[in-house]
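Peer 1: Got a structure for you, written out below as structure tokens; questions coming shortly.
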Amino acid sequence: MADTLRLAVIIASTRAGRFGPTVADWFTAHARRRPGLTVEVLDLAEARLPAELTDLDDPLPRAVRDLAPRLAAADAFAVVTPEYNQSFPAPLKTCLDWFYEEWRAKPVAVVSYGRESGGALVAAQLRQVFAELHAVTVRDGVTLPRYWELFAADGSWPKPAAACNTAVATTLDQLTWWARALREARTARPYTY
């Protein structure tokens, strides 16, 4: 369907025992309930992008060639990332640096988790990085401070009354609006800056 938007949800953490897949599953479940939105999860632990970038004239490594069309096909991105030492994980920076055109003129939502800030510092840093890549971060995102406290007594996550359940709706509203607006703009006049 031509009106369907494609959302790529990127799991940034590659650590053993990481919480990222739990957050991504929760966010993705909300996104998949929206009509006209298809969701693909891109796990950087599975992508295995090389940390060392090649020279411009060198052939791209297979992992980069494999991920590029999946990123390019997306109309929007949601980056699920922890906050490590007041920043985002190195594999996410590596992913951002390997690609350029794939991000351009597309919206990005940040879904962050961490200690007291919930990843607010990560979101601020990613706004700067995505601006350099000519991507548009949506104003609202989801921050999950002390995410371990959001488990319900039955072990489910997050608790039904958790504020993040409202934040995810607002974030998806903004993300889909920008995805549609920017896709229409790219179609009418390609973004070449």
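Peer 1: Give me a count of the residues in the range 142-167 that are polar (S, T, N, Q) and surrounded by 17 or more Cβ atoms within 10 Å (Cβ to Cβ).
Peer 2: Of the residues in the range 142-167, 1 are polar (S, T, N, Q) and surrounded by 17 or more Cβ atoms within 10 Å (Cβ to Cβ).
Peer 1: For residues that are assigned to a helix (DSSP H, G or I) and under 14 Å from the mean Cα position of the chain (by Cα), scanning just the range 125-136, find the one that is surrounded by the most Cβ atoms within 10 Å (Cβ to Cβ).
Peer 2: Once the filter is applied, the top-ranked residue is L126.
Peer 1: Among E184, E116, which is of a type outside the set (A, V, I, L, M, F, W, C), loosely packed, with under 14 Cβ neighbours inside 10 Å and either in contact with an Asp or Glu (Cβ under 6 Å, 6 or more places away or on another chain) or within 22 Å of L92 (Cβ to Cβ) (or both)?
Peer 2: It is E116.
Peer 1: Consider R139 against the criteria (1) out of contact with any strand residue (DSSP E or B) (no Cβ under 6 Å at 6 or more places or on another chain); (2) not in a loop (DSSP other than H, G, I, E, B): it satisfies all of them except one. Which criterion is unmet?
Peer 2: Condition not satisfied by R139: (2).
Peer 1: Next up: Output the residues belonging to the range 50-62 that are of a type in the set (A, V, I, L, M) and either modelled with pLDDT of 95 or more or more than 28 Å from R15 (Cα to Cα) (or both).
Peer 2: Once the filter is applied, which keeps residues that are of a type in the set (A, V, I, L, M) and either modelled with pLDDT of 95 or more or more than 28 Å from R15 (Cα to Cα) (or both), the range 50-62 yields only L56.
Peer 1: I've got another one for you. Of the residues A47, A24, which single one is farther than 25 Å from W177 by Cβ and surrounded by 16 or more Cβ atoms within 10 Å (Cβ to Cβ)?
Peer 2: Answer to the selection: A47.
Peer 1: Just one of A45, A31 is outside any loop (DSSP other than H, G, I, E, B), touching a strand residue (DSSP E or B) at 6+ places or on another chain (Cβ under 9 Å) and under 24 Å from V136 (Cα atoms); which is it?
Peer 2: From the options A45, A31, the qualifying one is A31.
Peer 1: Of all residues being without any contact (Cβ under 8 Å) to a residue 60 or more places away in the chain and closer than 23 Å to T38 by Cα in the range 1-21, which is surrounded by the fewest Cβ atoms within 10 Å (Cβ to Cβ)? Just the residue, please.
Peer 2: Top of the filtered list is A2.
Peer 1: Which of the residues spanning the range 146-193 are hydrophobic (A, V, I, L, M, F, W, C), within 20 Å of the chain's Cα centre (by Cα) and within 17 Å of V108 (Cβ to Cβ)?
Peer 2: A167, V168, L172, L175, W177, W178, A179, A181, L182
The values are calculated or read from the model by the stated rules, or taken from the named source; none is laboratory data. Here the structure is a predicted model, which is why all the values come from computation and not from measurement. Positions of Cβ are backbone-derived with ideal geometry, glycine not excepted, and every protein chain shown enters the neighbour counts.
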